[in-house]
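The values are calculated or read from the model by the stated rules, or taken from the named source; none is laboratory data. Not measured: the values here are computed from a predicted model. Positions of Cβ are generated from backbone atoms using ideal geometry, with glycine treated the same way; all protein chains shown enter the neighbour counts. We work out accessible area using only protein heavy atoms, side chains counted, and drop any ligands, DNA or RNA first. Shrake-Rupley method; radii C 1.70, N 1.55, O 1.52, S 1.80 Å.
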Amino acid sequence: MAPITDYPQRYALTGELHARPFPSLRAPSRAVFLAIKQPKDAASRDRAQDLEHLVALLDHYGAPRPSANATHYYGKMGKYRLKWEQHTELVTYTVFFDEAGERAFDPDEFEVFPDYWLDAAPGGRMTSALLRLLPRPQDDAQIAAHLADWFVPESLAVAEVLEGAAVIASDFRIDPAGHLRMAIFTNEETGGRRTGRIAQRLTEIEMYKSASMLGFAMVRDMAPKLNALDAKLTDLMAEMRGPASRSEDTLHALLDISVELETLEVQSAFRFGATGAYKAIVSQRIEALREGRFMGRQGFAEFMMRRYEPAMRTVQSTEARLQAMSARALRAANLLRTRVDVERSAQNQEILASMDKRADLQLRLQRTVEGLSVVAISYYAVSLAGYLLYPLAEALEISKGMLTAVVTLPVVLAVWWMVRRLRRHLS
């Protein structure tokens, strides 16, 4: 062996590709299929409960238990064989019988699951189906007689698959016992593993079809709220042309709608993604069957195109509508926010102009006050100078009034010069 260390998950990841083998079936035989899903948060459920539920069923039949971390199981369960699988949201049980039984699609076949065990299921029945495998008769008219007896003609889908290896049929309706019915007529040359692949693909088509329809149920419940938000958004966008004084109120209302739409997107993101993935699996499984028309009847692909595809297109259109509304609300909020910003800028300019005007008035007032200050200071300065020079008036034989008049002009000029110099120094 090469001296290199294997990646820790190398064998586990490779084994996952081979961990879910197709069962080997021979006609005549039959199978019972059950898919269980928790009502809420099924993707994040406690998967240990699924395993405990499986162990309870195996213990009922005295069958070997799976490993502690198993995600799939296939083995003998009494006189039956059980195939158990965990999926992202679902857990499935398929029980195989080695004989077809006398009565076609007998509801008693479902009693392979005990009542107490069904009551303890960690979730509800997403879907269940009864499969009947028979050898293909020489005359296709016998198949037509069976189909007329077992299924509702209006919604019957039937096709020859895998280049004539088998004929499959189902009407995808729930019978009075609560199960779907699926029939497989295999040729003698069709091997057990190919028959098992056909049976498993049929159950997977039903399982993923049912799971994807959860998206349709969600958008149907979501439609009234989306319609209300759409109308409200349209009204608010019309109000954007209204008076500028209401812009901020309209902006807040638009932001509220954006929050609601974003919440809807977050809440529905997983279901939209899961619906798209399930729809793709349904299409792939039908394509893998390589259908051929049987006696001029509609096949599975045609049935899905007429009954199933419109529901899926509704889901897709609702997802696109939700995204478009979110983008529209965001664009409207951005435009309105720009308008509010422009209005605030204009208000700020008016405020600045008003402040400039007040500053100019203050400057004028300041100059007026400065002039009065020069007069006041000069008055007191002249008085002081007079008191200092009065003794000289008698010596020079000049009257006090004359002396005051002579002193006044120089004192005023000196005070004016000092005040102006001080103002320049401070500025």
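Stokes-Einstein diffusion coefficient for the chain at 10 °C in a medium of 1.306 mPa s, Rh from the Kirkwood formula over Cα pairs: what value in µm²/s? Working shown, then result.
On the way: Rh = 29.4 Å.
Translational diffusion coefficient: 54 µm²/s.
Which of the GluC sites (Glu not before Pro) across segment 108-206 are loop residues per DSSP, with 14 or fewer other Cβ within 10 Å?
Loop-located and lightly packed - Glu163, Glu188, Glu189.
Given a 1.4 angstrom probe, what's the average accessible area per residue across the chain, in square angstrom?
Here the per-residue accessible area is 57 Å².
In segment 142-240, which trypsin sites (Lys or Arg not before Pro) fall in coil by DSSP and have 15 or fewer other Cβ atoms within 10 Å?
Sites meeting the loop and neighbour criteria: Arg173.
For every other residue with a beta carbon closer than 15 angstrom to the beta carbon of Ser212, add +1 if it is Lys or Arg and -1 if Asp or Glu, then tell me the sum.
Residues near Ser212 contribute +3 overall.
So what's the angle, to the nearest 10 degrees on a 0 to 90 scale, between helix 47-61 and the longest Cα principal axis of the chain?
Long axis of 47-61 versus the principal axis of the chain: about 20 degrees.
Tilt of helix 192-239 relative to the longest C-alpha principal axis of the chain, in degrees (0 to 90, nearest 10)?
Between the helix axis and the principal axis of the chain, the angle is about 30 degrees.
Counting only protein heavy atoms and using a 1.4 Å probe, what share of the accessible area of the chain belongs to carbon plus sulfur, as a whole percent?
Carbon-and-sulfur percentage of accessible area, whole number: 57.
Highest GNM mean-square fluctuation, the chain, Cα pairs closer than 10 Å: which of Gly401, Gly62, Gly164?
In this elastic network of the chain, the residue with the biggest mean-square fluctuation among Gly401, Gly62, Gly164 is Gly401.
Which of the lysines could be linked to Lys83 by a straight reach, that is with a Cα gap under 29 Å, when you skip same-chain ones fewer than 8 residues away?
Within the straight-line limit of under 29 Å, Lys83 reaches these lysines: Lys37, Lys40, Lys209, Lys279.
Name the most mobile residue of Arg358, Arg339, Arg290, meaning the one with the largest mean-square fluctuation, in a Gaussian network model of the chain with Cα contacts below 10 Å.
Arg358
Can you give me the C-alpha center-to-center distance between segment 72-88 and segment 244-313, rounded to a whole angstrom?
Distance between centres, Cα-based: 32 Å.
With an 8 Å Cα cut-off and a minimum separation of 6 or more residues, compute the relative contact order for the chain in percent.
14 percent
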